[in-house]
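Report on the structure given below.
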Amino acid sequence: MSFNTFGKLFRFTTWGESHGPAIGCIVDGCPPNVPIKESDIQKELNKRKPGQSKFTTQRKEDDKINILSGVFEGKTTGTPISLIIYNKDMRSRDYETIKNKFRPGHADFTYFKKYGIRDYRGGGRQSARETAARVAAGAIAKVVLKNKIGAKYQAVGAVIQLGILGCDINKWKDKTISTNPFFCPDKSVIKLWEKYLLGIRKAGSSCGAIIEIRARGIPLGLGAPIYSKLDMDLAAAMMSINAVKGVNIGSGMDSAMLTGEENSDEILQRKGKTSFKSNNAGGILGGISTGQEIKISFAVKPTSSILSSRKTIDKFGKNTTISVKGRHDPCVGIRAVPIGEAMMHCVILDHYLMNTAQNKI
């Protein structure tokens, strides 16, 4: 299986399976002399780890990170940073009854047909368990960006729609996001979301979600206009997250319904400072950052592992039915928030390093 590495100058390679002894990643291209601690990484992992509320899978994992290389006396050395997270709470027996069946909506079918083998325990390499490793890589990127750009840099993610229920993004408050189990930025809908998702879980079903990531303090000029557009790489990063089926940059798909006058972000000069009247472009024009807030949203499909009986086939080509028991997220999109933030960090750092290499020598 190829293509386990992401990035150009700042790269990470993830490894491991859902029910294997451990997962982890190798981060390469990290600048030297950046102060970093395991606690910097653990803070981000704690936002993603399972079993934190009744609205996520009840698998219990500490997701404790261990740095094996690339850091000396509290600073990065510029050499590969090796990270490992040991798996602890695997229940592989939950998958014994369905090991020969393909879950509809899941990658079981395509993976088996491509490789002729698959690890059915929790999805193996296909599992969203892999994303813990990329969150760890993103945590390193975040520390580096704050070191290079300054404290003004931040990327904040939130769930802006849970199944059929949206929220008022005009009521977005960063502080609200961390105070509820949904990463919701609008406190007025939290009780409604809770009732809705409990009903979904009780029915043994699942729902999708839309996540929005907002990055601030981005320098003007990141990205290239043709084959390394910043929005192109961000879209690829978000699409690489398990279960993501669509990505919007700024106004995204809604841009098709706007007039030229409505869509254009007018530019103003005041007291020697450039500003924009709006941000339909999502902070990126022609593949290059404008210095505005970067906005990207992505849609996560419903979890494929559900209790309802569904028609499928087995690996021998016979018709059958499947009902998936065990511990699963009723909405996997909730835990995609820190993953989206991590991928934003990685792409922004990658482009920051490329921009520095080309324009500041």
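The values are calculated or read from the model by the stated rules, or taken from the named source; none is laboratory data. The structure presented is a predicted model; accordingly, all values stated were derived computationally and were not measured. Methodologically, a virtual Cβ is constructed for each residue, glycine included, from the backbone with ideal geometry; neighbour enumeration extends over all protein chains shown. In case anyone asks, the SASA skips ligands and DNA or RNA and just uses the protein heavy atoms, side chains included. Shrake-Rupley method; radii C 1.70, N 1.55, O 1.52, S 1.80 Å.
Odds and ends about this structure:
- Normalised by the number of residues in region 157-260, the mean separation of alpha-carbon contacts (under 8 Å, six or more apart) gives a relative contact order of 24 percent.
- Spin-label zone in region 200-237 - amide nitrogen under 15 Å from a point set 7 Å from the Cα of Ala256 along the C-beta vector: none
- Surface listing: Met232, Met238 arranged by accessible area from highest to lowest gives Met232, Met238, probe 1.4 Å.
- What a 1.4 Å probe finds exposed on the chain is 55% carbon and sulfur by accessible area, rounded to a whole percent.
- Extended-chain gain in nm, criterion 0.36 nm per residue less alpha-carbon gap, Ala203 and Lys175: 6.9 nm
- Pairwise label distance in nanometres, Lys273 with Thr79, each label 7 Å out on the Cα-Cβ vector: 4.6
- Of the residues Gly223, Ser264, Val244, the one whose Cα sits farthest toward the positive end of the charge dipole of region 178-285, with +1 on the Cβ of Lys and Arg and -1 on the Cβ of Asp and Glu, is Val244.
- The calculated pair-distance distribution of region 119-169 uses every alpha carbon pair, bins of 5 angstrom beginning at 0, and gives 5, 15, 13, 13, 14, 18, 14, 6, 2 percent.
- Counting 0.36 nm for each residue step from Glu96 to Tyr115 and taking away their Cα separation leaves a gain of 4.8 nm.
- Of the GluC sites (Glu not before Pro) found in region 248-284, those that fall in a DSSP loop while having at most 12 other beta-carbon atoms within 10 Å are Glu266.
- Distance-filtered residues of region 187-225 - backbone nitrogen under 20 Å, label point 7 angstrom along Lys8 Cα→Cβ: 218-225
- Protein-only accessible surface at a 1.4 angstrom probe places the residues Ile334, Ile288 in the order Ile288, Ile334, largest first.
- Between the Cα long axis of helix 190-202 and the first principal axis of the chain there is an angle of about 30°, rounded to the nearest 10.
- For the chain, a crude dipole built from +1 on the beta carbon of Lys and Arg and -1 on the beta carbon of Asp and Glu, taken about the Cα centre, is about 980 debye to the nearest 20.
- Mean separation of Cα contacts under 8 Å (6+ apart) over length of the chain, as relative contact order %: 22
- GNM top mover of Val332, Val324, Val347 - the chain, alpha-carbon springs below 10 Å: Val324
- Considering helices alone, the calculated mean residue ellipticity of the chain at 222 nm is -8000 deg cm²/dmol, with DSSP H runs of length four and up weighted by -39500 (n - 2.57) and normalised per residue.
- The candidates Val159, Val143, arranged from most to least accessible area with a 1.4 Å probe in the full protein assembly, appear as Val143, Val159.
- Listed residue pairs exceeding 27 Å between alpha carbons, taken from Lys171/Lys229; Lys191/Lys277; Lys202/Lys311; Lys148/Lys301: Lys171/Lys229; Lys191/Lys277; Lys148/Lys301
- The residues of region 87-200 expose, per residue, 48 Å² of accessible area to a 1.4 Å probe.
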